[in-house]
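Asker: Handing you a structure now.
The values are calculated or read from the model by the stated rules, or taken from the named source; none is laboratory data. Source: prediction; values computed, not measured. As a convention, Cβ positions derive from the backbone with ideal geometry for all residues, glycine included, and neighbour counts pool all protein chains shown.
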Amino acid sequence: MPLIPQPPPPAGGALLTRLHAINAEHGYLPEEELRRAAEELGVPLSQVYSAATFYAAFSFQPRGRHTIHVCLGTACYIRGGEKLLEKLESTLGVRPGETTDDGTFTVETVHCVGSCSMSPVMRVDGDTYGRLKADILPRLLRRYQTEAGGMSDEGT
Amino acid sequence: MKVRSRSDLETLRAEGLSTLYPSRLKISVGMATCGLATGAAAVYDALRDEAARRDLDLMLVATGCLGYCQQEPLVEVRRPGRDPVLYARVTADRARELIAALAEGELPTEGALAIIPEEKPPAGSKPAGGLPRLNDLPFYSRQHKIVLRHCGLIDPASVAEYVAQGGYEALAHALLDLTPEQVIDEVLRAGLRGRGGAGFPTGRKWQICQAVPIQPKYVICNGDEGDPGAYMDRTVLESDPHSVIEGLIIAGYAIGAHQGYIYVRDEYPLAVERVTQAVARAEELGLLGENILGSGFDFNITIVRGAGAFVCGEETALISSIEGGLGEPRPKPPFPAVSGLWGKPTVINNVKTLATVPVIITRGADWYASIGTEQNAGTVVFSLVGKVANTGLVEVPLGLTLRDLIEGIGGGGLNGKAVKAVQTGGPSGGCLPARLFDLPISYETLTQAGSIMGSGGMVVMDEDTCMVDVARYFIGFTMAESCGKCAPCREGTQYMHQILTRITAGEGSVEDLELLEEVALWVKKASLCGLGQTAPNPVLSTLRYFRDEYEAHVKEKRCPAGVCRALIRLSILSELCNGCGLCRRECPAGAISGEKKQPHTINPELCTRCRICYDVCPVGAVEIVR
Amino acid sequence: MINLTVNEQPVTVPEGTTILQAVRAAGVELPTLCYHEGLAPYGACRLCMVTITAPHHGLVASCAYPAEEGLMVETHSPEAVSARRLALEFLLSRCPQSEVIRELAAQEGVTASRFGTPPPERAEELCVLCGLCVRVCREAIGAAAIGFIGRGMERRVGTPFEVQSEACIGCGACAEICPTNAIKIEDRGNERILHTWHTTVELHSCPECGRYFAPEPTGFLKDMFPEIENLWALCPECRRQRTARQWIEQEHTRAT
């Protein structure tokens, strides 16, 4: 038993659920929101901060309007996911983890989105695109640049 | 409506049958992530809009994944009283044509892949109309679907359709007719082993946990499928969530737990959505909550969404993640079955394990044990991907050979290229060479060969895949995913990555190979958890079977597969180049120049050797100089 | 009681003992960095590896493995020794400036590392990530002022947002327990500066002699130990004197 009495732990999964909610609302984890989460859940701030920095899903930087995840899972890797990334980097002028100057796109890599049979794959916001070739990237990106986001037109 | 008894289940079943087999035209679109990734949403919209425009009476349904991902988007057309027809690689345009034809009372043959008979056809009979039956296609003929039994065939949002296919029958049988001990005995006798990869007997795990006289207990469904190259669990959660929920409730009943958790990987938003909906629906119907089916048994499920940490697939890390801490493993023993979530007895089962449980309860242990081999009963699901002709999700009886899978079902290498190796078990597994393809698939054979069964990822590699680069890829993965708690995994993966990077850069030495092996063995033996203990497998297996490729890199500074950038050069064969300019436009480095219709050239100073030009050249004029 | 064998020598230990405790009970030395008898087993440094030869076989971290009846343990099997040496060789490469690590490595015959040196920004690294500071702060003190940040090779220990901690009570248990002296704490005037944690706490001065001696935030202890309520504010020396005076007065009263 520790010297300083501890509050009971929160319900199972409560901290992760809260972090997801903050990240979804703000696009990243603002400091004051983490402090409030610690307070309200009765969890030490150090634990909240540890979890926030441990998981790949959370960011401490604001994101662009659209987040592009280039999949580098095994199947995508051996079927050209890196080339896709390279083309994307040269087209947008950013490296993974960075956001374009106009704030439109943030580029990230991800270790598999589980669409391996469609490799190589990339995900823009919630939409997954499979069987991609580097040459169709500009067309795909244009749709997100012109529309506010999302696309209802057919895939690729 | 509330389902409080078996007869209420019957009512639900009738409702499900009416939507599964309606007396009007029904079109189902496979809309799991794979389908969506290739434009299924646009196909769905086109079908809906065109049918409305033509005033065609149509029941349009979004189903899950049939597994034949190579052929996505897949559309199934069912006319009353006729065998449904499955269309492959449907586009929005083709969808509109389909509706136009149906409005005229016709069924186009173009793009039709197979029929899906609703009655079991007589043996040896040929289907009418010239189309093969789905289960006669080489991709399906050797499959035996248990885990994937409903995937792509029912609307995952409809609990009624799940019930119509026999769902929740096992739950009723377990809760109303069997004692927890009888349930455990059935699973034990069936010989079901954990489908997360380790293969521990599921019934035994339940037995150990049930025997611990501590309450409360917990049961957790591990849906943190982190292996790159694998998506079996995603498919089941997206396409048939109720099978997992039913399995979880039965597991809870067996061990005496009243609270379950489903931990779903963050990168699977659709799975999270579908399983959340399914749990809510089960709660509405009273299939979760108090006094389920009037049995007196209470059970609830909480869904926890992961946050992007591969290590959380390790059971103790997953527990610590649910508890609200880091995804950090702790030493075993004690095993979770004795001391798990908040120190209480906890059973953790994989998605596929749980999805299998209801079938075992319904059809019996003897039936299940008769499939597969003696020590490896039942079926196993693989995601067959990479450089293989037919990619997709396949479920086969254990004991089939790797060759049956890769050449028979997979149809061999992509574009007719020779298959060199197969990687099973993701970052914890190994690369097995083609000469071992006659190995029967079992937990033991794969482990002896230096790989593991794992959760079911099966990535096929051909002559254009560099095995040293593959080893570097996997170690890069585990290095990035190591939690950093124990020294061997944290420091060792980092150092192995350094060596492999050196070798692929053409700066490695023969001594590096020895050092690599020494460190790999240490990480394997001395690491705290499964992640570290298996992380060296891709290195050790490639060193064992593809040492010649390592030696070519360190001795001759040559990459035989033509992958490692520092060891290759790209050039354009002027006699073949027609000057179309495609490579020039696509080169991300701006390294290619040339006049229209004149042979182009690559500036080696600017070239990053990404090989996009090699891929896009329509006449094969780009050459990789190794 | 549990009977097991360590290096062919029989040992009997109480239930709930770890192999490491049994090994030490048998008088055999094993180096550890992340182990502390007052905290829960952690199993991170992998120095205390031993081979179990019966009834099953395996290389395990002895600090985290429960002693079991009939277990046969070898502390210096070739695989245990080589695992220990490699761990030390990697630690040496991580913290070449650490006196403690250099000595520990030398005891196991490791004097140089084949695994390179840290990057310039971490050249002075002393932390081996054993986690004792984090655990003592959370498990024993309950302040939970520090935690792990990041994961994998980015992992480090720090306060939330790596700024002044509001939870730190300045007790210094972290520095006390750190096996490699990686945590820098300094008392300067009326302040205790925890350099490693970017944190400063006020010190309390003794109302009798005026000396600064304990962090203000530890004042909560007086509520937890009512028997010292009148004494907690005093520095140890004045407390000793006051207690002695009280005792003498009591004795005097009793005598008369």
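Asker: What pairs come up if the first residue lies in segment B:481-492 and is at the interface with chain C (Cβ under 7 Å from one of its Cβ atoms), the second is of a type in the set (S, T, N, Q) and assigned to a helix (DSSP H, G or I), and their beta carbons are under 6 Å apart, counting only those six or more places apart or on different chains?
Answerer: These pairs meet every condition: B:Ser482/B:Thr493.
Asker: Hey, another quick one. Please work out which residue is nearest to A:Met118 (Cα to Cα), limiting yourself to segment B:371-397 and to residues that are charged (D, E, K, R) and more than 14 Å from chain A (Cβ to nearest Cβ).
Answerer: Step one: of segment B:371-397, the residues charged (D, E, K, R) are B:374, B:387, B:395.
From what is left, the residues that are more than 14 Å from chain A (Cβ to nearest Cβ) are B:374, B:395.
On the way: B:Glu374: 35, B:Glu395: 19 Å.
Checking each candidate, the answer is B:Glu395.
Asker: Take the residues of segment B:577-603 that are within 14 Å of chain A (Cβ to nearest Cβ), touching a residue at least 24 places away in the same chain (Cβ under 8 Å) and outside any loop (DSSP other than H, G, I, E, B): which is surrounded by the fewest Cβ atoms within 10 Å (Cβ to Cβ)? Before the answer, list the steps.
Answerer: Here is the first cut: in segment B:577-603, the ones within 14 Å of chain A (Cβ to nearest Cβ) are B:580-592.
Checking which are touching a residue at least 24 places away in the same chain (Cβ under 8 Å) leaves us with B:580, B:582-583, B:586-588.
Filter once more, so that each one left must be outside any loop (DSSP other than H, G, I, E, B): B:582-583, B:586.
On the way: B:Leu582: 18, B:Cys583: 24, B:Glu586: 21.
Among residues in segment B:577-603 that are within 14 Å of chain A (Cβ to nearest Cβ), touching a residue at least 24 places away in the same chain (Cβ under 8 Å) and outside any loop (DSSP other than H, G, I, E, B), the one surrounded by the fewest Cβ atoms within 10 Å (Cβ to Cβ) is B:Leu582.
Asker: Do we have B:Gly484 as in a loop (DSSP other than H, G, I, E, B) and modelled with pLDDT of 95 or more here?
Answerer: yes
To keep it simple, each residue is scored yes or no on (1) more than 14 Å from every other protein chain (Cβ to nearest Cβ); (2) not in a strand (DSSP E or B).
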residue: B:Glu407; (1), (2): yes, yes
residue: B:Val422; (1), (2): no, no
residue: B:Arg435; (1), (2): yes, yes
residue: B:Asp438; (1), (2): yes, yes
residue: B:Leu446; (1), (2): yes, yes
residue: B:Ser451; (1), (2): no, yes
residue: B:Ala471; (1), (2): no, yes
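Asker: Can you find a residue that is within 10 Å of chain B (Cβ to nearest Cβ), in a helix (DSSP H, G or I), within 18 Å of the chain's Cα centre (by Cα) and over 22 Å from C:Ile149 (Cβ atoms) anywhere in segment A:87-100?
Answerer: Let us first name the residues in segment A:87-100 that are within 10 Å of chain B (Cβ to nearest Cβ), namely A:87-91.
Next, only the ones that are in a helix (DSSP H, G or I) stay: A:87-91.
If we keep only those that are within 18 Å of the chain's Cα centre (by Cα) as well, we get A:88-89.
Next cut, over 22 Å from C:Ile149 (Cβ atoms) only: A:88-89.
Looking through segment A:87-100, at least one residue is within 10 Å of chain B (Cβ to nearest Cβ), in a helix (DSSP H, G or I), within 18 Å of the chain's Cα centre (by Cα) and over 22 Å from C:Ile149 (Cβ atoms).
Asker: Of all residues in segment B:437-471, count the ones that are over 20 Å from B:Ala520 (Cβ atoms), free of Cβ contacts under 8 Å to residues at least 60 places away in the same chain and aliphatic (A, V, I, L, M).
Answerer: The qualifying residues number 1.
Asker: Which members of segment B:403-414 meet the condition of being without any contact (Cβ under 8 Å) to a residue 60 or more places away in the chain and more than 17 Å from the chain's Cα centre (by Cα)?
Answerer: B:Arg403, B:Glu407, B:Gly412, B:Gly413, B:Leu414
Asker: Please count how many residues of segment B:508-525 are within 11 Å of chain C (Cβ to nearest Cβ) and of a type in the set (Val, Ile, Thr).
Answerer: Residues that pass the stated criteria total 2.
Asker: Here's something else I'd like to know. In segment B:338-352, what residues are β-branched (Val, Ile, Thr) and either surrounded by 24 or more Cβ atoms within 10 Å (Cβ to Cβ) or modelled with pLDDT under 95 (or both)? Spell out how you get there, then give the answer.
Answerer: Taking segment B:338-352 first, the residues β-branched (Val, Ile, Thr) are B:338, B:346-348, B:351.
Scanning segment B:338-352 gives B:Thr346, B:Val347, B:Ile348, B:Val351.
Asker: I need every pair where a residue in segment B:537-548 that is under 15 Å from B:Ala520 (Cα atoms) has its Cβ under 7 Å from the Cβ of a residue that is acidic (Asp, Glu) and surrounded by fewer than 20 Cβ atoms within 10 Å (Cβ to Cβ), sequence separation at least 6 or different chains.
Answerer: If the second residue must be acidic (Asp, Glu) and surrounded by fewer than 20 Cβ atoms within 10 Å (Cβ to Cβ), the pairs left are B:Leu543/B:Glu517.
Asker: Residues B:Ala198, B:Ala190, B:Ala211: which one is more than 28 Å from B:Ile452 (Cβ to Cβ) and of a type outside the set (Ser, Thr, Tyr)? Explain how you work it out, then say what you get.
Answerer: Working: B:Ala198 fails: more than 28 Å from B:Ile452 (Cβ to Cβ); B:Ala190 fails: more than 28 Å from B:Ile452 (Cβ to Cβ).
Result: B:Ala211 is the single residue among B:Ala198, B:Ala190, B:Ala211 that is more than 28 Å from B:Ile452 (Cβ to Cβ) and of a type outside the set (Ser, Thr, Tyr).
Asker: I need the full set of residues from segment B:604-626 which are of a type in the set (D, E, K, R) and either under 19 Å from A:Leu84 (Cβ atoms) or within 14 Å of chain A (Cβ to nearest Cβ) (or both), in order please.
Answerer: Keep residues of segment B:604-626 that are of a type in the set (D, E, K, R), which gives B:605, B:609, B:611, B:615, B:623, B:626.
Across segment B:604-626, the qualifying residues are B:Arg609, B:Arg611, B:Asp615.
Asker: Another question, if that's okay. Would you confirm, using the coordinates I've provided, whether C:Ile141 is at pLDDT 95 or above and closer than 24 Å to B:Leu515 by Cβ? Walk me through it before giving the result.
Answerer: Details: at pLDDT 95 or above: yes; closer than 24 Å to B:Leu515 by Cβ: no.
No: the conditions fail for C:Ile141.
Asker: Within segment B:393-413, does at least one residue satisfy the condition of being more than 20 Å from B:Tyr550 (Cα to Cα) and at pLDDT below 95? Spell out how you get there, then give the answer.
Answerer: Of the residues in segment B:393-413, the ones more than 20 Å from B:Tyr550 (Cα to Cα) are B:393-413.
Among the residues that remain, those that are also at pLDDT below 95 are: none.
No, that holds for no residue.
Asker: Being within 14 Å of chain B (Cβ to nearest Cβ), of a type outside the set (A, V, I, L, M, F, W, C) and outside any loop (DSSP other than H, G, I, E, B) is the filter here; which residues of segment C:107-137 pass it?
Answerer: Passing the criteria: C:Arg122, C:Arg135.
Asker: Here's something else I'd like to know. Considering each residue of segment B:198-220, count those that are hydrophobic (A, V, I, L, M, F, W, C) and touching a Phe, Trp or Tyr at 6+ places or on another chain (Cβ under 7 Å), and give that number. Working first, answer last.
Answerer: Within segment B:198-220, the first condition is being hydrophobic (A, V, I, L, M, F, W, C), and the residues that meet it are B:198, B:200, B:206, B:208-209, B:211-212, B:214, B:219-220.
Next, only the ones that are touching a Phe, Trp or Tyr at 6+ places or on another chain (Cβ under 7 Å) stay: B:220.
Of the residues in that region, 1 qualify.
Asker: Answer yes if at least one residue in segment B:269-284 is within 30 Å of B:Cys529 (Cβ to Cβ), within 13 Å of another protein chain (Cβ to nearest Cβ), of a type in the set (A, V, I, L, M) and crowded, with 24+ Cβ neighbours inside 10 Å, and no otherwise.
Answerer: The answer is yes; a qualifying residue exists.
Asker: Which residues, taken from segment A:2-38, are crowded, with 16+ Cβ neighbours inside 10 Å, away from chain C (no Cβ under 12 Å) and assigned to a helix (DSSP H, G or I)?
Answerer: Passing the criteria: A:Ala14, A:Leu15, A:Leu16, A:Thr17, A:Arg18, A:Leu19, A:His20, A:Ile22, A:Asn23, A:Glu33.
Asker: In segment C:189-211, what residues are outside any loop (DSSP other than H, G, I, E, B), surrounded by fewer than 18 Cβ atoms within 10 Å (Cβ to Cβ) and modelled with pLDDT under 95?
Answerer: Passing the criteria: only C:Ser205.
Asker: Taking the options A:Pro120, A:Pro62, name whichever one is within 13 Å of chain B (Cβ to nearest Cβ) and not in a helix (DSSP H, G or I).
Answerer: Numbers: A:Pro62 fails: within 13 Å of chain B (Cβ to nearest Cβ).
After ruling out the rest, the residue left standing is A:Pro120.
Asker: Could you grab me the full set of residues in segment B:49-65 that are within 12 Å of another protein chain (Cβ to nearest Cβ) and either modelled with pLDDT of 95 or more or outside any loop (DSSP other than H, G, I, E, B) (or both)? Don't jump to the end; show me each part of the working.
Answerer: Filtering segment B:49-65 for residues within 12 Å of another protein chain (Cβ to nearest Cβ) gives B:49, B:65.
Within segment B:49-65, just B:Asp49 meets the criteria.
Asker: Inspect all residues belonging to segment C:29-36 and state whether any of them is part of a loop (DSSP other than H, G, I, E, B), aliphatic (A, V, I, L, M), without any contact (Cβ under 8 Å) to a residue 40 or more places away in the chain and more than 16 Å from C:Ser77 (Cβ to Cβ). Before you say what the answer is, go through the steps one by one.
Answerer: Filtering segment C:29-36 down to residues part of a loop (DSSP other than H, G, I, E, B) leaves C:29-36.
Imposing the further condition that a residue be aliphatic (A, V, I, L, M) reduces the set to C:30, C:33.
Adding the requirement that they be without any contact (Cβ under 8 Å) to a residue 40 or more places away in the chain leaves none.
No, segment C:29-36 contains no residue that is part of a loop (DSSP other than H, G, I, E, B), aliphatic (A, V, I, L, M), without any contact (Cβ under 8 Å) to a residue 40 or more places away in the chain and more than 16 Å from C:Ser77 (Cβ to Cβ).
Asker: Within segment B:199-240, can you find the residues that are surrounded by fewer than 23 Cβ atoms within 10 Å (Cβ to Cβ), touching a strand residue (DSSP E or B) at 6+ places or on another chain (Cβ under 9 Å) and aliphatic (A, V, I, L, M)?
Answerer: B:Ile208
Asker: Could you please tell me which pairs satisfy a Cβ distance under 6 Å, a separation of 6+ or placement on different chains, a first residue in segment C:148-163 that is at the interface with another protein chain (Cβ under 7 Å from one of its Cβ atoms), and a second residue that is of a type in the set (Lys, Arg) and in a strand (DSSP E or B)?
Answerer: Listed by first residue and then by second, the contacts come to C:Ile149/C:Arg156.
Asker: Can you tell me which residue within segment C:171-185, out of those that are more than 13 Å from chain A (Cβ to nearest Cβ) and more than 12 Å from the chain's Cα centre (by Cα), is surrounded by the fewest Cβ atoms within 10 Å (Cβ to Cβ)? I'd like the intermediate steps shown before the answer.
Answerer: To start, the set of residues in segment C:171-185 that are more than 13 Å from chain A (Cβ to nearest Cβ) comprises C:172, C:175-185.
After this cut, where a residue has to be more than 12 Å from the chain's Cα centre (by Cα) as well, the list is C:184-185.
Details: C:Lys184: 13, C:Ile185: 18.
The residue in question is C:Lys184.
Asker: Checking B:Thr401 against (1) surrounded by 23 or more Cβ atoms within 10 Å (Cβ to Cβ); (2) in contact with a strand residue (DSSP E or B) (Cβ under 8 Å, 6 or more places away or on another chain); (3) of a type in the set (S, T, N, Q), which test does it fail?
Answerer: B:Thr401 satisfies every listed condition except (1).
Asker: In the set B:Pro427, B:Pro331, which member is at negative phi, within 14 Å of chain C (Cβ to nearest Cβ) and surrounded by 24 or more Cβ atoms within 10 Å (Cβ to Cβ)? First the steps, then the outcome.
Answerer: Values: B:Pro331 fails: surrounded by 24 or more Cβ atoms within 10 Å (Cβ to Cβ).
From the options B:Pro427, B:Pro331, the qualifying one is B:Pro427.
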